Amino acid sequence: MPYNVLDPSTAAAAPTTTAGAPLTSVGETLLSIRTELNLQLGNRDDLTAARENAWINWAYRSVTGMLTIKELFGSVALSLVADQPFYALPVQVAWIKRLGVSDATTYPVDEGRELEMIDEAQYRTLPVLTDEPTSYFRHRRMVVIWPTPLNARTAPLDFRVRPDDMTADTHSPLLPIEFHIPILLKARQRAWSALLNFKDAAVAQNDFVSEIRPLINTDSEETAGQFATIAPIRSRRRLFRSQ
């Protein structure tokens, strides 16, 4: 059983990623959303751009948290090193979709393998082992690899993106442009709540729901047009091969 303390401070440094970075001048921008928000709030002179930007970014995170679309998925490579089981994650990783290792020498046929996700309780029942990685789990802001890697490996990680805040006036949301107006309406709801005008906040929330409800789930539509195939699994190795 691995008795090591799950301490993120001892993890290998997180890789950098631009997966959560805002777009630039695609559809609405931070400036155009802030300008319209200020008008919808009555062009008040007691509000600062910094405060309005905060409401917009709160709304941005709220709307992205409601959606599961391909624009909100990313990929980054972890660099596994020998004798290190802990790897810090970028803050942009909201949750892990899959993790694998890429090595054409060790895996000459598939050129890698997908790792199996386990949990902390299962990890504690495994033997202390240094070998080729087969499993992982997330603990707070780090990934724990088992067995502890014997050699350096590249580990591609697919994940759900936690978007970075928009900070420059030219920044645009990662989301498709049809979701830019819902971000504005959600920001208006946040603003009225912060200004203790709960009646107008409720109206703004209703406007937001009415705007976002009919928008098409593009991922669902693509899946509906996908050809379904079934192939029997005759060996454990095929569990980690793409079809």
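Values quoted throughout were computed directly from the atomic coordinates according to the rules given, and no laboratory measurement underlies them. This one's a predicted model, so the numbers in the text were calculated from it and none came from an experiment. Methodologically, a virtual Cβ is constructed for each residue, glycine included, from the backbone with ideal geometry; neighbour enumeration extends over all protein chains shown.
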Residue pairs within 7 Å by beta carbon, gap of at least six or interchain, first lying in region 12-25 and closer than 12 Å to HIS171 by Cα, second among the polar types (S, T, N, Q) and outside any loop (DSSP other than H, G, I, E, B), listed first then second, are PRO22/SER172; LEU23/SER172; THR24/SER172; SER25/SER172
Those residues of region 116-145 which are acidic (Asp, Glu) and surrounded by 14 or more Cβ atoms within 10 Å (Cβ to Cβ) amount to GLU116, GLU132
Taking the condition touching a Pro at 6+ places or on another chain (Cβ under 8 Å), part of a loop (DSSP other than H, G, I, E, B) and of a type in the set (Asp, Glu), does ASP110 pass? no
Taking region 30-68 and keeping only residues that are over 12 Å from MET166 (Cβ atoms) and β-branched (Val, Ile, Thr), one is left with THR35, THR48, VAL63, THR68
